[in-house]
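S.K.: Sharing a structure with you now.
None of the figures in this text is laboratory data; all of them are computed from the coordinates on show. Since this is a predicted model, take the numbers as computed values, not measurements. So basically every Cβ, Gly included, is an ideal-geometry build from the backbone, and we count neighbours across all protein chains shown.
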Protein chains: 2
Amino acid sequence: MSVQEAPTAAVSGDTRERILDVALDLFTEKGYDKTSLREIAEQLGFTKAALYYHFPGKKDILLALHYRLHAVLEASMEETGGLDSDPSRWVDIFDHLIDQMLTHRKLILMHDRNRASFEQLHHDLDHQNAHDDLEEQFRRVLRDVDVPLRDKVRLTCAQGVFIAGAVLAGEELADVPSDQLAGELRSAVRDVLAQPDG
Amino acid sequence: MSVQEAPTAAVSGDTRERILDVALDLFTEKGYDKTSLREIAEQLGFTKAALYYHFPGKKDILLALHYRLHAVLEASMEETGGLDSDPSRWVDIFDHLIDQMLTHRKLILMHDRNRASFEQLHHDLDHQNAHDDLEEQFRRVLRDVDVPLRDKVRLTCAQGVFIAGAVLAGEELADVPSDQLAGELRSAVRDVLAQPDG
DNA sequence: GTCTATATTTCGATAGAC
DNA sequence: GTCTATCGAAATATAGAC
């Protein structure tokens, strides 16, 4: 995506991203815990110890991938204005999120399949602030006493459809064109978030 | 929940179930990989090695919990007749599944949060036969070329709602009465699975 | 920037006493 | 049925050569 850098020390600097790409695949397939640094390194053609030049430790690789996802979601939130307690805006937000999901499907899947590891990451680091923003906005709506139960359930169901879509796009319906799948998912989200009297 | 048993040697025999109860909690909270046998044993008041009297190894504890869930879903499938490619029957099936989910919520959550470990379990053992039945029936529908894309997506979305409901019931909306939540979830599933022209 | 070699820790698992 | 003691394997991480 980024333009070619100066060819001298260019391949390096990219190594960090290549490590993250490999880790993303392995963390998604086998899970974070079952993926060893040895596996990541061997798939890249060098040894385990070399990873420690690019990352202080294993959890920092997971953290870097977390930031990747964070950046994607943050950008999406800026365009749509963020999630709040007004249900009439949720459809637009999910429309936008579905686009991002199909583009960064593996990132979503990896996050979903390693939820336990991410939660521990937030506890280990003093990452209690800025709790992933989108997820924090999510929880804020669910805690809002002025939001009816029905809407809270529907919001969570829409998130369920969102994640189910990511799984579907990567596995069982991997051969379906993205835009076609996106249309079906958007349609499903509309039905889930439909106002009962509006 | 169960009445007090005879106080003599009664506590034993129950130990296996108590181990599974503790493991279910820890596997759900921290994940299977991050839960050590030492933790399970200490929470029960004895040491790591004592676990090996009740189970051949760690993965057999996970396997036993898998059978617990399998029994629940199997019973539900027998009552509703099983999942096939006929979309008009899906609503009834999910109605039934939602009841089971709210009763055995932790079991569903644990399975969802440790999907990677369960998949590896199926590979390690020659468990290729009877691939969890419900999930296999699920995949069969998704592979059926006679089922329209729309219905496949909707079926997966209903599953997404199902799992989202399990998370909701255990965390953010844990204080909402079960039957009230069940009603909302059933309503949401109906909207997801609604026939466009029926 | 990648390597070898090694330190340190933790875990799953076994053997055998009680 | 639960214990102590211990083994062996594998993983993360460090130190330092090249």
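S.K.: Starting from the alpha-carbon convex hull of the protein assembly as shown, give the projected area averaged over all orientations, in nm².
M.R.: Across all orientations, the protein assembly as shown yields a mean hull projection of 23.8 nm².
S.K.: Let me ask something else about it. How do A:R186, B:R105 rank when sorted from fewest to most other Cβ atoms within 10 Å of their own Cβ?
M.R.: A:R186, B:R105
S.K.: Show that you can apply the helix-only estimate: for chain B, add -39,500 (n - 2.57) for every DSSP H stretch of four or more residues, divide by all residues, and state [θ] at 222 nm to the nearest 500.
M.R.: -21000 deg cm²/dmol
S.K.: Same structure again: Would you list which lysines come within 22 Å of B:K58, measuring only between C-alpha atoms, while excluding same-chain residues fewer than 8 positions from it?
M.R.: Here the lysines satisfying the reach criterion relative to B:K58 are A:K30, A:K34, B:K30, B:K34, B:K48, B:K106.
S.K.: Here's something else I'd like to know. Rounded to whole Å and sorted largest first, list the principal axis extents of the Cα atoms in segment A:65-193.
M.R.: 41, 34, 24
S.K.: Please compute the modelled spin-label separation between A:E17 and B:D92, points set 7 Å along Cα→Cβ, answer in nm with one decimal.
M.R.: Inter-label distance under the simple model: 5.5 nm.
S.K.: Something else now. Which longest run of chain A has no exposed loop site in it, a site being GluC sites (Glu not before Pro) in a DSSP loop with at most 15 other beta carbons within 10 Å, and the site itself not part of the run?
M.R.: A:6-170
S.K.: Hey, got the dipole for segment A:57-104? About the Cα centre, +1 on K and R Cβ, -1 on D and E Cβ, debye to the nearest 20? The partial results should precede the final answer.
M.R.: Numbers: 4 positive and 9 negative charges, 89 e Å.
Computed charge dipole of segment A:57-104: roughly 420 debye.
S.K.: Can you put B:S187, B:S117 in order, fewest other beta carbons within 10 Å first?
M.R.: Listed from fewest to most nearby Cβ atoms, that is B:S187, B:S117.
S.K.: Still on this structure, please answer the following. Rounded to two decimal places and with Rh computed the Kirkwood way over Cα pairs, what is Rg over Rh for segment B:90-153?
M.R.: Rg/Rh for segment B:90-153 comes to 1.02.
S.K.: While we're on this one: Give me the distance between the Cα centres of segment B:40-77 and segment A:110-175, rounded to whole Å.
M.R.: Each part reduced to its Cα centre gives a spacing of 29 Å.
S.K.: Also: Considering every residue in B:184-196, what mean count of other chain Cβ atoms within 10 Å of its Cβ is obtained?
M.R.: 4
S.K.: For each of A:K106, B:K48, count neighbouring Cβ atoms within 10 Å of the residue's Cβ, then give the residues from fewest to most.
M.R.: Least crowded to most crowded, the residues run B:K48, A:K106.
S.K.: Give the residue from B:L107, A:M77, B:M77 lying farthest towards the positive end of the charge dipole for the protein assembly as shown; charges sit on Cβ (+1 for Lys and Arg, -1 for Asp and Glu) and the dipole is referred to the Cα centre.
M.R.: B:L107
S.K.: What is the average number of partner chain Cβ atoms found within 10 Å of a Cβ in A:147-157?
M.R.: That works out to 6 on average.
S.K.: In debye to the nearest 20, how big a dipole does chain B give about its Cα centre with +1 on each Lys and Arg Cβ and -1 on each Asp and Glu Cβ?
M.R.: I would put it at about 620 debye.
S.K.: Looking only at A:D95, A:D14, A:D60, which one moves most when chain A is put into a Gaussian network model with springs between Cα atoms under 10 Å?
M.R.: It is A:D14.
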